[in-house]
Amino acid sequence: QALLLVRNELPAPGLRLAARSGSCHQCLYQFLAFVPPSNGSLRKAGTASVMVDTQHPLTLLLNSSVDDTELCKIRYHFGEFGNYSLVVKTLSASTETVSCDLVINEGPINSYLPILFAFLVYMGILAVLIVGRLFMKIDPVRNWVYKKLNPRETDRLINSELGSPNTTESINCDPTPHLWSTASRQRLHSLDTFRGFSLVIMVFVNYGGGKYWFFKHESWNGLTVADLVFPWFVFIMGTSIALSLSSMLRWGSSKLKVLRKILWRSFLLILLGIIVVNPNYCLGPLSWDNLRIPGVLQRLGFTYLVVAALELLFTRAESGTWEALYPALQDILPYWPQWIFILMLEVTWLCLTFLLPVPGCPRGYLGPGGIGDFGNYPNCTGGAAGYIDRLLLGEKHIYQHPSSSVTYQTTMPYDPEGILGTINSIVMAFLGLQAGKITLFYKDQHKQIMTRFVIWSIIMGIISSILTKCSKEEGFIPINKNLWSISYVTTTGCFAFILLLLIYYLVDVKKLWSGAPFFYPGMNSILVYIGHEVFENYFPFKWKMQDSQSHAEHLIQNLTATTLWVIISYLLHRRRIFWKI
């Protein structure tokens, strides 16, 4: 925030100061303060002090308190912890023209320096590790280390390539294929790295992200760093489904046995999700009156159930006629029933979103409600998506503090992991499933795999451009994480294919990177996710700060907590401890 002192040098009347955030689309101005008129006899200006937001540009509006006449309007992006004065006066005694001058009393701080410092620290640690690894390749140095350390432990450390498991250890220690891991003999480390990368960012964001706005979820339409990680996690889950089901069936498991595992693991994910989002540590047993039903793990569990069952139902062991005629589409044509099912799901989402009548709201409303859309639909948060959740689950059983509540001042509960959005999370996992099929059908054909990743990213990007009109607010279907709009899925899907392409190239093709450190949490994703949620408010993941308004302190705390989970996952990996469900 910043401090704004308004000085009213006009003899009469008093002024009404209101503001509107640049991130608040078509919002009403919000009253900030009344500024009294100046005292002409004492030559003393009327003053009022207010705290203003610095995350986004603000439009300040000064109106007369008598007839509500607009005197001046200023758009300005205030700097963090800056001290400003807004001086309102007439240009001269002979004219009634009002001027509003913004003066900087004390300059703002550079709130991004802690990010730069943290980046340099982590780069320094990385440089030390790289230099250390290079030295270990020198025979005299390696022999000296052998003498100082346990030879057996040292040998395992060196052979692990900074922790990446070799094929023999993975198969001997965990011979049973898992639906949550790729159990092929040549494990694709890029998948675990991708999953771990998404999970590490998710943990950092959930812990606070240093209190930077771009590490928080967007209030409504738009995209921030925080909005990318969940769909990426869903995407890579779909990729793992393709590889793991193929492996299980190839190893002789019956479809019925695999289906039972799918049902059991989906049930466990949903159950764990309900427990994690409803801790009630201080309130005793779970309160059924206010039990939140949707959540991240619940959505993952249901999405996994649908996509894994869909893949199991229509999996094929041999090629057909169409594949022989169109070899370039051999990863698509055999699965045409799956595509029809997914298209039907998407048509269902579109029909419910745009055609379902919602009491008191315009049909097809996609806005946040509250003060958005000039305050015309205050109780219409999320349109059909919010209405379905409130109707089927009840207002007390969904998320009570959506990201729109601050900027748009919404009062209605709304759950970003609600029922309607789950349809599009299934679509997102299906895109990941397609990426998995590409790696299966074109195994060891790196050029073919990477080419198809590029093609899919281009297709997703084109669809997103059409749906959004390359605009944040003016598209047919804006990018929206709260709604899990189809444009949100295609946009994050486009980024997911590109990111997977880069990681696949570096880790599995050129082997320039082992995937560390993201590889380790990627191998223990469920444990890290549940652990970081359960121990969020416990030391050493959180402690009392001296200055709660300091980005530096928040960033240190959040990065420390995130790094600790990476270290924990590394230690568990060294001991071959993996929590699979």
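The values are calculated or read from the model by the stated rules, or taken from the named source; none is laboratory data. Predicted, not measured: the structure shown is a model, and the values here were computed from it. Note that each Cβ is placed from the backbone with ideal geometry, even for glycine, and that neighbours are counted across all protein chains shown. Side chains are part of the model used for accessible areas, which takes the heavy atoms of the whole protein and leaves out ligands, DNA and RNA. Shrake-Rupley method; radii C 1.70, N 1.55, O 1.52, S 1.80 Å.
Look at E9 and say whether it is open to solvent by 50 Å² or more (accessible area, probe 1.4 Å), charged (D, E, K, R) and either in contact (Cβ under 8 Å) with a residue 24 or more places away in the chain or touching a Gly at 6+ places or on another chain (Cβ under 7 Å) (or both).
When the stated conditions are applied, E9 passes them.
Table: residues versus (1) more than 26 Å from G22 (Cα to Cα); (2) modelled with pLDDT of 95 or more.
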{"position": "G375", "(1), (2)": "no, no"}
{"position": "Y387", "(1), (2)": "yes, yes"}
{"position": "G394", "(1), (2)": "yes, no"}
{"position": "Q409", "(1), (2)": "no, no"}
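Assigned to a helix (DSSP H, G or I) and polar (S, T, N, Q): does that describe S471?
no
Looking at the structure I just gave you, is G208 buried (at least 22 other Cβ atoms within 10 Å of the Cβ), of a type in the set (G, A, S) and either over 25 Å from the mean Cα position of the chain (by Cα) or in the same structural domain as A429 (by the TED database) (or both)?
no
Please list, ordered by first then second residue, the pairs with beta carbon atoms under 8 Å, 6 or more apart or interchain, first in region 473-491 and touching a residue at least 40 places away in the same chain (Cβ under 8 Å), second part of a loop (DSSP other than H, G, I, E, B) and of a type in the set (V, I, T).
Cβ pairs passing all conditions: S485/I477; S485/I479; I486/I477; Y488/I479; T491/I479.
Which pairs do you get when a residue that is of a type in the set (V, I, T), found in region 496-525, comes within reach of a residue that is crowded, with 22+ Cβ neighbours inside 10 Å and not in a helix (DSSP H, G or I), reach meaning Cβ atoms under 8 angstrom, with the pair 6+ apart or on two chains?
Pairs that qualify, where the first residue is of a type in the set (V, I, T) and the partner is crowded, with 22+ Cβ neighbours inside 10 Å and not in a helix (DSSP H, G or I), are I503/G515; V507/G515.
Return the pairs, sorted by first residue and then second, in which the second residue is modelled with pLDDT under 90 and among the charged types (D, E, K, R), the first residue lies in region 44-65 and is in the same structural domain as G14 (by the TED database), the beta carbons are less than 9 Å apart, and the residues are 6+ apart or on different chains.
A45/E9; A45/K89; G46/E9; L61/E70; L62/E70; N63/E70; S64/E70
From the list V454, V489, exactly one residue is over 22 Å from G222 (Cα atoms) and hydrophobic (A, V, I, L, M, F, W, C). Which is it?
Sole residue among the options that is over 22 Å from G222 (Cα atoms) and hydrophobic (A, V, I, L, M, F, W, C): V454.
Assess whether P114 counts as being surrounded by 13 or more Cβ atoms within 10 Å (Cβ to Cβ), closer than 30 Å to L10 by Cα and within 31 Å of the chain's Cα centre (by Cα).
no
Tell me, yes or no, whether region 27-44 has at least one residue that is β-branched (V, I, T), open to solvent by less than 20 Å² (accessible area, probe 1.4 Å) and under 28 Å from P378 (Cα atoms).
No: zero hits.
Within region 476-498, is there a residue that is closer than 15 Å to S457 by Cβ, surrounded by fewer than 21 Cβ atoms within 10 Å (Cβ to Cβ) and in the same structural domain as G436 (by the TED database)?
Among the residues of region 476-498, at least one is closer than 15 Å to S457 by Cβ, surrounded by fewer than 21 Cβ atoms within 10 Å (Cβ to Cβ) and in the same structural domain as G436 (by the TED database), which makes the answer yes.
Among helices (runs of 4 or more DSSP H) lying entirely in region 299-407, which contain 1 or more residues that are buried (at least 20 other Cβ atoms within 10 Å of the Cβ)?
Ranges flagged: 336-355, 384-392, 404-407.
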